[in-house]
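Worksheet for the structure shown next.
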Amino acid sequence: MIVFLLTIITLTIIPDAIIWNYMSPPGNIGWKMLLCTPSLITWMSWFGFKTNILSHDIGLRLFFGSLLLLSFPKLVFVAAAIPFGSLAGWMAAIIVLIVIIYGFTVGWLRLSVKNETFELPDLPPSFDGYKILQITDFHVGSFEHHPKFISKLVRTANEQKADLIVFTGDLINTKGKEIEPFANILSKLDAPDGVISILGNHDYHDKQEVIETERNLKWKVLLDESHVIEKSADKINIIGVELISAPPFKSRGNLKKAMRTVPEGEFKILLTHDPSHWRMEVVGNTDIPLTLSGHTHAGQIKIGRLSLARMIYREWGGKYSEGCQTLYVSFGLCGTIPFRMGAWPEINLLTLKKAKG
C-alpha cells in the first residue's frame, strides 16, 4: 500500500506542485486550479471507491481512468517540458495519451496465445507431451459490451487441442450474474480431461453463485481438493486451493487439506490464484513440482520487463524456478479496468515434457 500511495503521489501531487510554482502564469489562480483539476478528480474517485460511495467497478474505473488519461500525461508533460521546453512537453504528453487510449480501446481485446514448455524430471512417462491450457483472470463482467471477444476466446482455446483446461480464478468482477450472458458460449470450452477451476479473490464477492455457475458449465471446481488424471498406469494429481494470498486480500485456503488425499511421491500440479502463495507455503515445504497462478495481470501495463506488478509481486509474470520447483504466472485476460498495454490478454498453452537424464 505504501508503494501504491507513493506512485499515486508521484503521478499527481508532484507534477501539480511543479506546474503551480514554476510553469503556470504568475498570479493566475484560476488557471492553476484548472491544471490541478485532474488530480482532484483522481483523488475524489479514490475516496468514493474506498468509502463505497461509488460502486466497486465504477470507482476503480473512474480512478484508474483519470490516473492514466489525465494525471500520467501531465507527469510526462512536466518531465519533458523542464529540460526541452513546453512544445516538447505537449508532444510527449499527446503521444502518451494516444498510447493510453489504444490500451483502453484495442489493447485489452488483443488476445494472444503464449506457449511454454516445462521439462520435469518426475513427470510420469505417459504424460510426456501432455498439454494444459491455462485461462485466468477473466473478469467476465468487463466484456458486457464485447460478446465477440468471448466467442473468439472459446474458439481459440479449443483450437489449441489441449488435454486439459485449467482456470485459475477471478471469473467475475463483483457479481455472479455477470456470467449469465456468456454461460452458453463458456460451456463450449472443451478438452478430453475437462475443465478444472479454482476461485480468485474477486470470486468471493459472490462465491456460491460463482461455484454453482461453474459447476453448471461442467467445470470441476476444486475447493481445497485434488483431482486425479490417469493415463495408462500413470497418474497426475491436480490440486486446487481456495485463495491463499498476501495482504490486503484475506486468505481462505488450506493447502494441507487439499493435499491430504494425494499420496507422497505422486506427481502434483498446484492451482493457486495468487503467486505469492508459492513462496509462502510451496517452495521448500512441499514436493509440488509445478504451480500455476494468475492474479497479477502483469500490472496491465508492461514495457519490456518493466511492469507495475514488479513493485508489488516478486513473481508477477512468466516462469520462475527454484531447485526442482517451478511457478508459472499468466498475465490473464482482463481486469475490472478494461485496459491493457504491453501486458496483452493471454491464454497459455503449457506442454509438459519428461526431462532427460
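Since every read-out is calculated from the coordinates, none of them should be taken as a lab result. Since this is a predicted model, take the numbers as computed values, not measurements. A quick note on method: Cβ atoms are made from the backbone with ideal geometry, for glycine too, and the neighbour counts reach across all protein chains shown.
Taking amide H positions as placed in the peptide plane 1.01 Å from N, state which residues far from LEU270 in sequence (5 or more) or on other chains have amide H under 5 Å from it.
Here ILE239, LEU290, THR291, LEU292 satisfy the definition.
Ranked from highest to lowest mean number of other Cβ atoms within 10 Å per residue, what is the order of the peptides 78-90, 241-253, 337-349?
337-349, 241-253, 78-90
Any chance you could list the semi-axes, whole Å, largest first, of the equivalent ellipsoid that the Cα gyration tensor gives for segment 121-179, using √(5λ)?
Its equivalent ellipsoid spans semi-axes of 29, 14, 6 Å.
Residue farthest toward the positive end of the dipole of segment 173-271, with Cβ of Lys/Arg at +1 and Asp/Glu at -1: which of GLY265, ASN237, ASN184?
Final value for the positive-end residue is GLY265.
What full-extension length gain, to one decimal in nm, is calculated for LYS256 and ASN216 as 0.36 nm per residue of separation minus the Cα-Cα distance?
Length gained, LYS256 through ASN216: 11.6 nm.
Go ahead and run the numbers for FRET between ALA17 and ASN52, Cβ-Cβ distance against an R0 of 45 Å, rounding to 0.05.
0.90
Would you kindly give the portion of the calculated P(r) for segment 151-219 that falls above 17 Å, as a percent of all Cα pairs?
40
How big is segment 186-310 on each of its three principal axes, counting only the C-alpha atoms and giving the largest first in Å?
So the extents along the principal axes, rounded to whole Å, are 45, 37, 29.
State the extension gain, in nm to one decimal, for the chain segment bounded by ARG310 and ASN285, taking 0.36 nm per residue of separation less the distance between their alpha-carbons.
Gain in length upon complete extension: 6.5 nm.
Rounded, prolate or oblate: which fits the chain when a ≥ b ≥ c are the square roots of the eigenvalues of the alpha-carbon gyration tensor, with rounded for a/c under 1.5 and prolate only if a/b beats b/c?
prolate
Could you tell me the extents of segment 234-291's C-alpha atoms along the three principal axes, largest first, rounded to whole Å?
Here the Cα extents, ordered largest to smallest, are 40, 18, 15 Å.
Considering the Cα trace of segment 241-352, what is its radius of gyration and what is Dmax, both in angstroms?
14.4, 43
Could you name the aspartates and glutamates whose alpha carbon sits less than 12 Å from that of LYS220, not counting residues in the same chain fewer than 8 places away?
Qualifying aspartates and glutamates at Cα under 12 Å: ASP193, GLU212.
Rounded to the nearest 20 debye, what is the charge dipole size of the chain about its Cα centre when +1 sits on each Lys and Arg Cβ and -1 on each Asp and Glu Cβ?
Dipole size: approximately 740 debye.
Students often get this wrong, so check it: of LYS175/LYS257; LYS114/LYS356; LYS152/LYS250; LYS50/LYS131; LYS148/LYS319, which have C-alpha atoms separated by over 32 Å?
Pairs exceeding the cut-off: LYS152/LYS250; LYS50/LYS131.
Could you state the angle between the C-alpha long axis of helix 147-159 and the longest principal axis of the C-alpha atoms of the chain, as a value from 0 to 90 degrees rounded to the nearest 10?
40
Given a Förster radius of 30 Å and the C-beta distance between SER151 and GLU116 as r, what FRET efficiency does 1/(1 + (r/R0)^6) yield to the nearest 0.05?
According to the calculation, E is roughly 0.75.
For a test of the definition: using alpha carbon positions, the gyration tensor, and the 1.5 limit on a/c, classify segment 73-221 as rounded, prolate or oblate.
Judged from the Cα gyration tensor, segment 73-221 comes out prolate (a/c at least 1.5, a/b above b/c).
What is segment 193-336's relative contact order, in percent, from Cα pairs under 8 angstrom and six or more apart in sequence?
Relative contact order for segment 193-336 comes out at 17 percent.
Pairs of alpha-carbon atoms within less than 8 angstrom and 6+ residues apart define the contacts here; what relative contact order does segment 122-235 have, in percent?
In percent, rounded to a whole number, it is 29.
Under a straight-distance cross-link criterion of Cα-Cα below 21 Å, which lysines are reachable from LYS74, leaving out those fewer than 8 residues away in the same chain?
The reachable lysines, counting only those whose Cα sits under 21 Å from LYS74, are LYS32, LYS302.
Can you tell me the Rg and the Dmax, both Å, for the Cα atoms in segment 37-84?
12.8, 43
When the helices in the chain are scored as -39500 (n - 2.57) per DSSP H run of 4 or longer and the sum is shared across all residues, what 222 nm value do you end up with, to the nearest 500 deg cm²/dmol?
-10000 deg cm²/dmol
Averaging the inverse of every distinct alpha carbon separation and then flipping it gives the Kirkwood radius. What is it for segment 50-145, in angstrom units?
The answer is 17.7 Å.
In whole Å and largest first, what semi-axes does the C-alpha gyration tensor of segment 83-134 yield when each eigenvalue is scaled by 5 and square-rooted?
48, 15, 5
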